[in-house]
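One structure is given below, encoded as structure tokens.
The values are calculated or read from the model by the stated rules, or taken from the named source; none is laboratory data. Just so you know, these numbers come straight off a predicted model, no measurement behind them. Ideal geometry is used to build each Cβ from the backbone, glycine not excepted, and the neighbour counts take in all protein chains shown. Note: accessible area is taken over every heavy atom of the protein model, side chains too, but ligands, DNA and RNA are not part of it. Shrake-Rupley method; radii C 1.70, N 1.55, O 1.52, S 1.80 Å.
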Amino acid sequence: MTTLTSTKPVDQLSEDEAREELAQLAAEIAHHDELYYRDDAPVISDADYDALRMRNAAIEAQFPHLAREDSPSRRVGVKPSGPFGTVRHAVPMLSLSNAFDDEDVHDFVGRIRRFLRLADDAPLAFTGEPKIDGLSISLRYERGKLVQAATRGDGYEGENVTVNVRTIKDVPEVLRGSDVPAVFEARGEIYMRHQDFAALNAQQAESGGKVFANPRNAAAGSLRQLDATITASRPLRFFCYAWGEVSNGGLPGKTQWDVYEAFKRWGLPTNPLMRLCNSVEEMLAFYHEIGEGRAGLTYDIDGVVYKVNDLALQERLGFVSRAPRWAVAHKFPAQQATTVLRDIEIQVGRTGALTPVARLEPITVGGVVVTNATLHNEDEIARKDIRIGDTVVVQRAGDVIPQIVTVVKEKRLPDAAPYVFPETCPACGSHAVREVNSKTGKVDAVRRCTGGLICPAQAIERLKHFVSRNAFDIEGLGEKQITSFFNDGLVRRAPDIFTLQRRDEDSALTKLKNREGWGPTSVAKLFDAINARRRISLDRFIYALGIRHVGETTARLLARSYGDIDSFLGAMRAIGSDPEGRQFQELDDIEGIGTTVARAIADFFAEDHNWEVIEALLEEIEVQPVERVVTTSPVAGKTIVFTGSLTRLSRDEAKAMAERLGAKAAGSVSAKTDLVVAGPGAGSKLKKAAELGIEVIDEDEWFRRVGEG
Ligand code: IVH
């Protein structure tokens, strides 16, 4: 079979010629697919193969009515998948913290040296690699065979997209080599090249399909197709740069770089621009070089990533919250454009915060059409003197919401008046006030609606938060449905969601299925989605409550500390009735929970109406206890306090080490402390430990105990 395509421009083909060529291409591509997928023995280069597919796509775009049943763009032989199931990541898929300038990179390296107690001139190497702007994926190989592919999701649970990922050419079905571990999770980025993106969009526009805003969205949209034959027709690509679970002793090297070498041997594609850097200067030179070459790349990148090369050091450095201490993303500067501010709209959040949002004349910034930008708060509007009708500079950086950088004053219209921020809530008319922080005496930047329970906007936002992806994650209950159910009195508070089906069945009046936009199937689906969430993890439950300052990380900390719903609510009841008591102290003492957060939690549990909601919810749902990590370490489950100056470990590393071993590191000694590790110069904590009869050991003994001495 030949691999030559006709070179005649597509727009000069007659219909007959097009029909004939499509038939030829279908047969030819099917043949190469078989060689590639079934026999693992392709006979043409990827580029030649791509050329065939592109030619096919171009002809189909020109003659949509001639697209064949067996067209390669609707690839047969790949079974359509059902709706995605979820996959719990054996090792969480975390994100990266960011650096925006040279100083941030110096700080990053300095922090690492201090943490590891490395002298300024001790060698410390980093990988430098492009930060691919796509979506991350985890590929699980067992005995070298691809068995599962999952999206990042919330980092802990992702979607099972195995069937779709199997259609991606860059993702090997089998890893080759004698040193492939029995279990190996390869992680990396799925992305789409510029030219493929343009061709896809042209084809989509032609066929009346969805046109994507940028290659990243196109890649994500293509991967998350319920019909895998559609994914198969989309030109997705893959770069591998990390790993998750690896069976015992399986890592093929001692450095990040060694592992990348192994990836290549095994058949996992790595980015050719990756480099080893031996100093901050080399890291920054890499950043600038990649930045300069960025426009010439065939895919989008939004910065570079540096990773400590030595894996033993990575292990010691560990993680803070959701990001490794041993890696950072050095982002490229944001992209900017100029447009007109049409209006300022005030949104009311779930805690009553009034947030101004800029409505803009649509403008493309860095490949994305921007119509809204955040204005933060009223001080920000005043500081930048932003007025309706102004011409403004808009900036977009990565995933963050676009911002207004500045006003182009020369273009201001003579009648533009300073913006007056409302002092009443636009949703319920209640006073909106700026609270004064009792400790600092400072006025809060945020103006808040005082309407509380009577404010419909707050109630709707609370419900939206409750059903959102990282909370109860109820599919089919989006902003639109929540708002309409709320306005019609069907769902006023979270527990109403779980009684909706019963009330619908009992009602002789309007049934949900008769409402506009609903039918028997969509209603059944909604009830299924709701019922699927009657069992929920404790961290999601806590997060869903929408307590001020309690985001996912804090919710997870709380869940881990209290373990199950009864212990959690027991402590919260005590705190609600005595905000100064012992239980409050214990909450405040949890590593990672500051006093502001602890107070917000106490305030929440001091309110009867919050308890009413919780009790009504618990009638309907079951909250699962936290799965304890089974660790055999001798300090697992213990609460440990480090004090005095330690010589082998920095304080941060000591705490991180304790946590890695399943222990809790606390800041102060109390009756709950199991062990105090004291270095020279330890003072009052040592005394307290003696009073309470708590065991005190020195640093060397600590290492002996945990078996690392
Ligand atoms: S490493 C634990 N390396 O950036 C560290 N991430 O902002 C895991 N990304 O979620 C990430 N290129 O989707 C790493 N060379 C690279 C990357 C990269 C792109 C993405 C990845 C991650 C996100 C974090």
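Just a few scattered comments:
- Taken about its Cα centre, the range 252-382 carries a charge dipole of roughly 560 debye when the Cβ of each Lys and Arg holds +1 and the Cβ of each Asp and Glu holds -1.
- For the range 552-709, diffusion coefficient by Stokes-Einstein and Kirkwood Rh (Cα), 10 °C, 1.306 mPa s, µm²/s: 92
- Sequence-separation-based contact order of the range 87-225, relative, with Cα cut under 8 Å and 6+ spacing, percent: 26
- Peptides 498-511, 635-648 ordered by packing proxy, namely the average of other Cβ atoms within 10 Å per residue, highest first: 635-648, 498-511.
- Accessible-area rank, largest first, for Arg275, Arg140, Arg599: Arg599, Arg275, Arg140, with all protein chains present and a 1.4 angstrom probe.
- The value of relative contact order for the chain, using C-alpha pairs under 8 Å at least six residues apart, is 9 percent.
- Only helices enter this figure: runs of n ≥ 4 DSSP H residues, each worth -39500 (n - 2.57), summed and divided by the residues of the chain, yield -11000 deg cm²/dmol at 222 nm to the nearest 500.
- Accessible area per residue in Å² at 1.4 Å probe, computed on the range 538-643: 47
- Whole-Å semi-axes of the range 403-487's equivalent ellipsoid (Cα gyration tensor): 31, 21, 15
- Per the Kirkwood formula applied to alpha carbons, the range 140-217 shows a radius of gyration over Rh ratio, Rg over Rh, of 1.08.
- log₁₀ of I(q)/I(0) at q = 0.16, 0.21 Å⁻¹ - the range 288-409, Debye sum with one point per alpha carbon: -0.88, -1.09
- In a reduced charge model with +1 at each Lys and Arg Cβ and -1 at each Asp and Glu Cβ, the range 513-626 shows a dipole moment near 640 debye about its Cα centre.
- Simple rule: put +1 on each Lys or Arg Cβ and -1 on each Asp or Glu Cβ in the range 342-429, find the dipole, and look at Gly349, Ile386, Thr364; the Cα lying farthest toward the positive end is Thr364.
- Rg/Rh, computed from the Cα trace of the range 639-693 with Rh as the Kirkwood radius, has the value 0.95.
- Peptides 530-536, 566-572, ordered by how many other C-beta atoms sit within 10 Å of their residues on average, highest first, read 566-572, 530-536.
- Remark: the range 299-343 is approximated by an ellipsoid whose semi-axes, taken from the C-alpha gyration tensor as √(5λ), come to 35, 14, 6 Å, largest first.
- With kT/(6 pi eta Rh) evaluated at 10 °C and eta = 1.306 mPa s, and Rh the Kirkwood radius from Cα pairs, the range 342-456 diffuses with a coefficient of 103 µm²/s according to Stokes-Einstein.
- Summing Cβ point charges (Lys, Arg +1; Asp, Glu -1) relative to the Cα centre of the range 97-237 gives a dipole of roughly 560 debye.
- Shape call, the range 550-626: gyration tensor on alpha carbons, a/c limit 1.5: oblate
- Cα-based reach from Lys464 at 19 Å (exclusive), listing lysines while leaving out same-chain residues under 8 positions away: Lys480, Lys525
- Apportionment of accessible area to carbon and sulfur, the chain, percent (1.4 Å): 50
- Kirkwood radius and radius of gyration were both taken over the C-alpha atoms of the range 318-374, and their ratio Rg/Rh is 1.16.
- Peptides 289-297, 22-30 ordered by average Cβ neighbours within 10 Å, highest first: 22-30, 289-297
- Treating each Cα of the range 418-463 as an identical point scatterer and summing with the Debye formula, the log10 of I(q)/I(0) at q = 0.28 Å⁻¹ comes to -0.97.
- Overall dimensions of the chain, expressed as equivalent-ellipsoid semi-axes from the Cα gyration tensor (√(5λ), whole Å, largest first), are 45, 37, 28.
- Largest first, the extents of the alpha carbon coordinates of the range 477-598 on the three principal axes equal 53, 23, 23 Å.
- Around Asp608: net Lys/Arg minus Asp/Glu count, Cβ-Cβ under 14 Å: -2
- Accessible area of Ile404 (1.4 Å probe, protein heavy atoms only, ligands and nucleic acids ignored): about 10 Å².
- Nearby lysines by direct alpha-carbon distance to Lys169 (threshold 17 angstrom, same-chain neighbours under 8 apart not counted): Lys79, Lys145, Lys264
- For a 4.7 Å threshold on C-beta separation, the list of partnerless cysteines in the chain reads Cys240, Cys277.
- The tail of the calculated P(r) for the range 669-709 beyond 10 Å holds 70 percent of all Cα-Cα pairs.
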